[in-house]
């Protein structure tokens with residue numbers, strides 16, 4: 001599903017990623033953890049085609065995204081990737097259902113089809129009765145669930161989340177974390193989540209540790225050397 005080979009990334013003289021190799025299977029819920037400055041968000045942005053690596057290749061859903069033109073990249077991002085951020089980033093002038101429908105409009109989906117898909121997602125999120133409410137009329141947890149629904153509206157293969165529960169209280173955090181697994185089971189998406197939340201990291205299928213621009217892979221001692 002996601003294949004990353006030897007990607008590096010620098011900003012001026014600062015090398016943020018120093019040669020990352022990573023494979024993520026379809027349907028995995030993966031967390032990426034590590035100290036601030038480890039390169040987690042930069043890695044997520046490169047997977048999400050929001051930035052390009054200096055070297056290396058990134059295949060997402062069998063497409064080498066590093067070779068796409070800007071127009072093709074924008075289309076790929078809209079159709080194949082969904083994004084959830086720490087702060088919901090809903091447009092305040094639109095209702096919940098309208099916010100969810102926006103990526104579908106960008107993809108050229110008809111109003112009728114986009115609305116039906118948005119309604120389906122609102123029902124799954126338990127937000128049917130909040131469809132016509134604007135963001136300032138929603139709780140923090142409701143806003144984040146609307147943001148997740150927006151990420152799902154085009155049925156993307158991969159959902160990328162950057163500290164998605166960082167602004168939520170304990171109850172809403174737990175509900176959002178469970179939602180990711182429910183969505184994976186229902187829709188089959190792959191989730192890649194950058195998080196500092198230890199509780200979330202412990203329940204994901206796999207936890208990837210980063211440090212100083214590299215994957216922090218524990219060294220396993222060779223017990224045979226002591227025999």
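The values are calculated or read from the model by the stated rules, or taken from the named source; none is laboratory data. Treat the numbers as computed from the prediction; the structure is a model and nothing was measured. Backbone-built Cβ (ideal geometry, glycine too); neighbour counts: all protein chains shown.
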- request: Taking residue 74 as the residue in question, decide whether it is under 18 Å from the mean Cα position of the chain (by Cα), modelled with pLDDT of 90 or more, surrounded by fewer than 19 Cβ atoms within 10 Å (Cβ to Cβ) and farther than 19 Å from residue 191 by Cα.
  value: yes
- prompt: For residue 100, are the conditions met, namely being assigned to a helix (DSSP H, G or I), surrounded by 15 or more Cβ atoms within 10 Å (Cβ to Cβ), touching a residue at least 24 places away in the same chain (Cβ under 8 Å) and touching a helix residue (DSSP H, G or I) at 6+ places or on another chain (Cβ under 8 Å)?
  reply: yes
statement: Residues in segment 7-20 that are touching a strand residue (DSSP E or B) at 6+ places or on another chain (Cβ under 7 Å) and exposed (fewer than 12 other Cβ atoms within 10 Å of the Cβ) total 0
field: Flag for residue 145 being part of a helix (DSSP H, G or I), out of contact with any strand residue (DSSP E or B) (no Cβ under 8 Å at 6 or more places or on another chain), without any contact (Cβ under 8 Å) to a residue 60 or more places away in the chain and closer than 18 Å to residue 29 by Cβ
entry: yes
query: If you take the residues of segment 177-227 that are in contact with a strand residue (DSSP E or B) (Cβ under 9 Å, 6 or more places away or on another chain) and at pLDDT below 80, which of them is surrounded by the most Cβ atoms within 10 Å (Cβ to Cβ)?
result: 216
Evaluation of residue 133 against (1) in contact (Cβ under 8 Å) with a residue 24 or more places away in the chain; (2) over 30 Å from residue 25 (Cβ atoms); (3) part of a helix (DSSP H, G or I) (one fails), failing number: (3)
message: Looking at segment 80-94, I want the residues that are over 15 Å from residue 166 (Cα atoms) and have a partner that is in a loop (DSSP other than H, G, I, E, B) and at pLDDT below 90 with Cβ atoms under 6 Å, at least 6 apart or on another chain. Which pairs are those?
response: 80/61
field: Qualifying residue in segment 86-96 (condition: touching a helix residue (DSSP H, G or I) at 6+ places or on another chain (Cβ under 6 Å), assigned to a helix (DSSP H, G or I) and either at negative phi or modelled with pLDDT under 90 (or both))
entry: yes
message: Going residue by residue through segment 116-132, is there one that turns out to be in contact with a helix residue (DSSP H, G or I) (Cβ under 6 Å, 6 or more places away or on another chain), at pLDDT 90 or above, surrounded by fewer than 23 Cβ atoms within 10 Å (Cβ to Cβ) and over 23 Å from residue 188 (Cα atoms)?
response: yes
task: Go through segment 148-187 and count every residue that is part of a loop (DSSP other than H, G, I, E, B) and farther than 15 Å from residue 121 by Cβ.
output: 8
field: Search result, residues across segment 23-69 that are assigned to a helix (DSSP H, G or I), surrounded by fewer than 19 Cβ atoms within 10 Å (Cβ to Cβ) and free of Cβ contacts under 8 Å to residues at least 24 places away in the same chain
entry: 45, 66, 67
- prompt: What's the number of the condition residue 160 fails, among (1) crowded, with 18+ Cβ neighbours inside 10 Å; (2) at pLDDT 90 or above; (3) over 14 Å from the mean Cα position of the chain (by Cα)?
  reply: (3)
